[in-house]
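Asks: Once you've had a glance at the structure underneath, I'll fire off some questions.
Read the figures in this text as sums done on the coordinates, not as results from a lab. This one's a predicted model, so the numbers in the text were calculated from it and none came from an experiment. Cβ sites come from the backbone with ideal geometry, for glycine too, and all protein chains shown count toward neighbours.
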Amino acid sequence: MRYEISPKPLFSEAEIQNRVAELAREIDASFEYDLIAGILTGAFVFIADLSRRLSRRVPLRFIKASSYGERMTSGAVEIPESDFTPFAGKKILLIDDILDTGKTLEALVQKMKACGAAEVKTCVLLDKPSRREVPFQTDYRGFEIEDQFVVGYGMDYAENFRTLPAVFVMNPAP
Ligand code: IMP
Ligand code: MG
């Protein structure tokens with residue numbers, strides 16, 4: 001099937017920036033994180049924007065957790081155990097772009113805790129609660145959305161559309 005992006009953004013640049021600033025205030029007021037962990041690749045723009053709005057100047061580490069490949073369905077999350085050693089004893093703010101089936105964040109939070117993380121709280125830009133396959137709730141989220149595939153603001157379809165500054169919906173082409 002061929003896809004095209006919606007003519008109008010689902011969330012404009014201004015809407016996103018306002019919400020990111022609010023989220024940063026919410027997080028700073030409620031969590032004494034001492035490490036930020038950002039999940040690559042889709043969240044790279046959100047991580048950059050949110051981390052600069054947060055007030056604590058703590059270290060930031062990236063984790064690579066691709067579960068999609070070139071498709072639109074979720075797959076397994078595979079990360080080597082040794083990548084988790086820097087998280088021991090830390091209070092971690094874990095940032096991702098989208099909470100979809102919940103498998104990625106569920107697996108990462110469990111692994112971080114198994115490797116001795118003191119506390120893990122999660123923050124996502126977008127939450128699709130109707131798509132959940134494992135029971136997982138995020139501590140912070142930008143927006144709740146319906147079951148639709150979105151691109152832009154770092155998020156891709158087959159590596160395309162990441163550089164769009166706003167969030168758009170992908171629809172089957174007529
Ligand atoms: P989950 O493990 O199913 O919750 O998948 C989360 C990951 O899937 C996110 O980190 C995204 O990278 C990717 N993902 C889920 N939905 C979308 C979407 O609508 N557009 C782009 N990527 C998505
Ligand atoms: Mg991702």
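Asks: What share of the DSSP beta bridges in the chain is antiparallel, in percent to the nearest 5?
Replies: 30
Asks: Another question, then. How long is the chain along each principal axis, judged by its Cα atoms, biggest number first, in Å?
Replies: Cα extents, longest axis first: 52, 33, 25 Å.
Asks: Now for a separate question. So how tilted is helix 13-30 from the main axis of the chain? Cα-based, degrees 0 to 90, rounded to 10.
Replies: That helix lies at roughly 20 degrees to the long axis.
Asks: Here's something else I'd like to know. With +1 assigned to the C-beta of every Lys and Arg and -1 to the C-beta of every Asp and Glu, and no other charges, what is the dipole magnitude of the chain about the Cα centre in debye, to the nearest 20?
Replies: 320
Asks: Using per-residue counts of other Cβ atoms within 10 Å, averaged over each peptide, order 40-47, 21-28 from highest down.
Replies: 40-47, 21-28
Asks: Taking H placed 1.01 Å from N in the peptide plane, check which residues at least 5 places from ALA37 or on another chain put their amide H under 5 Å from its amide H.
Replies: ARG61, LEU93, LEU94, ILE95
Asks: May I pose another question? Run the numbers on the stretch 11-148 and let me know its relative contact order in percent, using alpha-carbon pairs under 8 Å that are six or more apart.
Replies: That works out to 23 percent.
Asks: Still on this structure: Can you tell me the orientation of helix 103-114 relative to the chain, as the angle in degrees between its alpha-carbon axis and the longest Cα principal axis, to the nearest 10?
Replies: 10
Asks: Starting from the Cα of GLU133, step 7 Å toward the Cβ, then list every residue of the stretch 26-68 with an amide N under 17 Å from that point.
Replies: 65-68
Asks: Here's a follow-up. I'd like the per residue volume of the convex hull spanned by the Cα atoms of the stretch 82-146, given in cubic angstrom.
Replies: It comes to 72 Å³ per residue, whole-number rounded.
Asks: Between the stretch 130-174 and the stretch 3-57, how many Å separate their Cα centres?
Replies: 14
Asks: If we count other beta carbons within 10 Å of each Cβ, what is the order of MET170, MET1, MET155, fewest first?
Replies: With the fewest neighbours first, MET170, MET1, MET155 line up as MET1, MET170, MET155.
Asks: Amide H of ALA166: which non-local residues (sequence gap of 5 or more, or other chain) have their own amide H closer than 5 Å, using H built in the peptide plane?
Replies: TYR153
Asks: Grab the DSSP H runs of the chain that are 4 residues or longer, score each as -39,500 (n - 2.57), total them, divide by all residues and round the 222 nm result to the nearest 500 deg cm²/dmol.
Replies: Rounded to the nearest 500, it is -7500 deg cm²/dmol.
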